[in-house]
C-alpha cells in the first residue's frame with residue numbers, strides 16, 4: 001500500500017518552522033561564542049608549563065569531551081539546582097551546556113593548532129629575549145589560527161546539529177516545534193523529511209567549506 005505524501009502541511013505551517021529555526025540559530029550562535037570565549041584560553045592553558053594552570057584546563061577538557069552533551073544538559077537543568085539552588089531557564093541551560101561542551105573541543109583545536117607550529121620558532125623568539133606569552137601572541141598564535149579555521153568551522157556545524165538536544169528539556173527550537181506539529185497533524189514522514197533537508201541545507205555548506213579550506217591550507221604548507 002503506497003504512502004500518500006502531503007507536503008502541503010509544510011507550507012501551511014511554515015511560521016512554525018521559521019520560529020523554531022530562529023531559536024535554533026540563536027542557540028547555535030550564542031553557544032559558539034561562549035565556546036570560543038572558553039576554548040581559546042583553555043587551549044592555551046593546556047600548553048602552559050605551570051601545573052596549576054595546565055591541570056584544571058586538562059580536567060575540564062577531558063570531562064566535557066568524555067560525557068555526552070545530552071547528559072550535560074540534563075545535569076545542569078535538573079541536578080545543579082538540587083546541589084546549589086541555582087536554576088537556569090531552559091534555553092539558558094542549553095546555551096550554557098553546549099557552550100561548555102563546545103569550549104572543550106575548541107580548546108583541543110587551539111592546542112592542536114599551537115602544536116602544529118614549528119617549536120623552533122618559539123625557541124628562536126625566546127632566544128632574542130621574548131617572553132613565552134609575547135612569543136605566543138605575536139608569533140605562534142597568528143600562524144596557528146590559520147590551521148584552526150577548518151576544524152572550527154566543522155565544530156560550528158556539529159554544534160548546529162547538537163542544538164536539537166534542546167528539545168529534551170522543552171526548548172522550542174526546530175525539532176521541538178516539529179514534534180509539536182506532528183502531534184497535531186499526524187504527518188511525521190513529511191515533517192521529519194523536511195527537517196532533515198533543512199539541517200542538511202544549513203550544515204553541509206559549512207562542512208564543505210571546512211574541507212575546502214583544509215585542502216587549500218595543505219597546499220600552501
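Can you spot a residue in the stretch 66-74 that is out of contact with any strand residue (DSSP E or B) (no Cβ under 6 Å at 6 or more places or on another chain), within 28 Å of residue 143 (Cβ to Cβ) and touching a residue at least 12 places away in the same chain (Cβ under 8 Å)?
Our first condition is that a residue be out of contact with any strand residue (DSSP E or B) (no Cβ under 6 Å at 6 or more places or on another chain); within the stretch 66-74, this holds for 66-74.
This time we only want the ones that are within 28 Å of residue 143 (Cβ to Cβ), so: none.
No, every residue in the stretch 66-74 fails to be out of contact with any strand residue (DSSP E or B) (no Cβ under 6 Å at 6 or more places or on another chain), within 28 Å of residue 143 (Cβ to Cβ) and touching a residue at least 12 places away in the same chain (Cβ under 8 Å).
Within the stretch 76-95, which residues are touching a helix residue (DSSP H, G or I) at 6+ places or on another chain (Cβ under 8 Å) and within 22 Å of residue 26 (Cα to Cα)? Give the steps one after another, and end with the answer.
Kept after step one, since they are touching a helix residue (DSSP H, G or I) at 6+ places or on another chain (Cβ under 8 Å), are these residues of the stretch 76-95: 76-77, 86-88, 90-91, 93-95.
76, 77, 87, 88, 90, 91, 93, 94, 95, listed by residue number.
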For the stretch 196-216, give me the residue count where each residue is within 17 Å of residue 18 (Cβ to Cβ) and either without any contact (Cβ under 8 Å) to a residue 60 or more places away in the chain or not in a helix (DSSP H, G or I) (or both).
4
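Under 18 Å from residue 39 (Cβ atoms) and in contact with a helix residue (DSSP H, G or I) (Cβ under 8 Å, 6 or more places away or on another chain): does that describe residue 144? Steps first, answer last, please.
Details: under 18 Å from residue 39 (Cβ atoms): yes; in contact with a helix residue (DSSP H, G or I) (Cβ under 8 Å, 6 or more places away or on another chain): yes.
When the stated conditions are applied, residue 144 passes them.
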Within the group 184, 163, 131, which residue is without any contact (Cβ under 8 Å) to a residue 24 or more places away in the chain and under 30 Å from residue 7 (Cβ atoms)?
184
Report, by residue number, each residue of the stretch 157-173 that is buried (at least 20 other Cβ atoms within 10 Å of the Cβ) and outside any helix (DSSP H, G or I).
171, 173
Restricting the search to the stretch 174-190, which residues are surrounded by 13 or more Cβ atoms within 10 Å (Cβ to Cβ) and outside any helix (DSSP H, G or I)?
187
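Where in the stretch 2-121 are the helices (runs of 4 or more DSSP H), entirely inside, with at least 2 residues that are exposed (fewer than 13 other Cβ atoms within 10 Å of the Cβ)?
Details: elements: 8-12, 14-45, 51-65, 69-74, 80-84, 90-116.
Result: 8-12, 14-45, 51-65, 80-84.
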Hey, could you check the stretch 46-61 for residues that are in contact with a helix residue (DSSP H, G or I) (Cβ under 8 Å, 6 or more places away or on another chain) and at pLDDT 95 or above and say which is nearest to residue 152 (Cα to Cα)?
61
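The values are calculated or read from the model by the stated rules, or taken from the named source; none is laboratory data. The structure presented is a predicted model; accordingly, all values stated were derived computationally and were not measured. Note: ideal-geometry Cβ built from the backbone for every residue, glycine included; neighbour counts use all protein chains shown.
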